[in-house]
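Below is one structure, written out as structure tokens; comments come after it.
The values are calculated or read from the model by the stated rules, or taken from the named source; none is laboratory data. Remember, it's a predicted structure, so these values are computed and weren't measured experimentally. Every residue, glycine as well, gets a Cβ built from its backbone with ideal geometry; the counts of neighbours run over all protein chains shown.
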Amino acid sequence: MKYTSLICLLALSVACSTATEEYQEEQPVSLADSVAAYEKRAEAVSLLGDTLYTMELPRERKMKYDSALWVAQKNYDQDPQDLDNIIWLGRRLAYLGRYQEAIEVYTRGLEYHPDAPELLRHRGHRYISTRQFDKAVDDLERSAVLVKASPMKKEPNGIPIPLPPDDRPTTLQFNVYYHLGLAYYLRGDYGKAAQAYEQCLNFSQTDDEIAATADWLYMSYRRLGEDEVAEETLGMIKEEMDIRENEGYFERLLMYKGMMDPQQLLQVDEDIPLADRDLTMATEGYGVGNFYIVNGKEADGVKILEDIVEGRHWAAFGYIAAEADLARMKNEENQP
């Protein structure tokens, strides 16, 4: 939920409930405790001037996330200098929408591991979530330098919980360049975004990764007016690709290729849980809105962007991109 008045961000704390002697890693947080523990936290100020608060999660999902955080906090308390413990505590906090606390965890971790590309990659991601794009670029550029000569390192997914048995992890290298390209894109540095996504393609090993990278790369080239290069990017996209996670990006790419009608992407499946419909709209809708804008239908595109930012999934990349575009347009209108 958003409020237009600005307020000071709440004081940060990464303290969670202390485990009891009887605690075991498999022990879930009780439903009552999970619901009672929910509170709204001011996490960021949007590019349009709204205060952004921690989004309430469906209670069963929050139970799982709370339980996973409990384990991460326990491990961290036992060894707060261990790199994996730092990473997972930050990630578990972020999955609950506690981005400022996650950033603080990564920042403290960098005091112990100043050259850890993993911490810079994750903190850069959460700087994006909290609309701190310049800081995100600084972290992710530095991380990119550090991973340049490093061997490929797997980066396991953290959600959903539990992970499906056929889960396909990404890599640190992919995520560094993917988020670096996004940070540039959100700043309006489309040339640098395209360069980062070209690099990201070198680390895109699955069809899901190829689809996600190609989508942002296509949009970056379209924003640059490099329409022919953008069309060449679509050559790697085939209808029979094995897409398991990034269906939204894949459908956007099929739309760019003329294989799907834009209106199809705006029809949200009613079988999707209510809590996830805004997320789907942000992902699918931003592709459609941007497609309209770069094809000369700005009024139609802007309307879709405005619909996206009326939703509640303000940390979704499509939401942030819609917000950034609207803020940029507003600034241009106010220029003398």
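Here are the criteria: (1) touching a residue at least 12 places away in the same chain (Cβ under 8 Å); (2) assigned to a loop (DSSP other than H, G, I, E, B). Tell me which single one Gly181 does not satisfy. Failing condition for Gly181: (2).
The set of residues in the stretch 126-178 being farther than 24 Å from Ser67 by Cα, surrounded by 17 or more Cβ atoms within 10 Å (Cβ to Cβ) and of a type in the set (Gly, Ala, Ser) consists of Ala136, Ser143, Ala144.
The helices (runs of 4 or more DSSP H) falling completely within the stretch 96-152 include none with 3 or more residues that are modelled with pLDDT under 95 and either hydrophobic (A, V, I, L, M, F, W, C) or within 27 Å of Glu60 (Cα to Cα) (or both).
Would you check if there is a residue in the stretch 108-117 being closer than 12 Å to Leu83 by Cβ and under 12 Å from the mean Cα position of the chain (by Cα)? Scanning the stretch 108-117, I find no residue that is closer than 12 Å to Leu83 by Cβ and under 12 Å from the mean Cα position of the chain (by Cα), so the answer is no.
For (1) more than 28 Å from Gly188 (Cα to Cα); (2) in contact with a Leu (Cβ under 8 Å, 6 or more places away or on another chain); (3) of a type in the set (Phe, Trp, Tyr), each residue gets a yes or a no:
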{"residue": "Val105", "(1), (2), (3)": "yes, yes, no"}
{"residue": "Arg108", "(1), (2), (3)": "yes, no, no"}
{"residue": "Pro117", "(1), (2), (3)": "no, yes, no"}
{"residue": "Leu146", "(1), (2), (3)": "no, yes, no"}
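Residue count for the stretch 72-86, restricted to those that are farther than 16 Å from Ala102 by Cβ and part of a helix (DSSP H, G or I): 3. One residue stands out in the stretch 81-137 among those that are touching a Ser or Thr at 6+ places or on another chain (Cβ under 8 Å) and among the small types (Gly, Ala, Ser): the one that is farthest from Leu52 (Cα to Cα), namely Gly124.
Val268 fulfils the conditions (1) closer than 23 Å to Ala183 by Cα; (2) touching a Lys or Arg at 6+ places or on another chain (Cβ under 7 Å) except for a single criterion, (1). Within the bounds of the stretch 232-241, is there any residue that is among the β-branched types (Val, Ile, Thr) and either within 29 Å of Ala44 (Cα to Cα) or surrounded by 22 or more Cβ atoms within 10 Å (Cβ to Cβ) (or both)? Yes, the stretch 232-241 contains a residue that is among the β-branched types (Val, Ile, Thr) and either within 29 Å of Ala44 (Cα to Cα) or surrounded by 22 or more Cβ atoms within 10 Å (Cβ to Cβ) (or both).
Is it true that some residue in the stretch 55-69 is under 16 Å from the mean Cα position of the chain (by Cα), surrounded by fewer than 21 Cβ atoms within 10 Å (Cβ to Cβ), at pLDDT below 95 and not in a helix (DSSP H, G or I)? The answer is yes, given that some residue of the stretch 55-69 is under 16 Å from the mean Cα position of the chain (by Cα), surrounded by fewer than 21 Cβ atoms within 10 Å (Cβ to Cβ), at pLDDT below 95 and not in a helix (DSSP H, G or I). Across the stretch 24-54, the qualifying residues are those that are farther than 19 Å from Gln100 by Cα and not in a helix (DSSP H, G or I), and the one among them that is modelled with the lowest pLDDT is Gln24.
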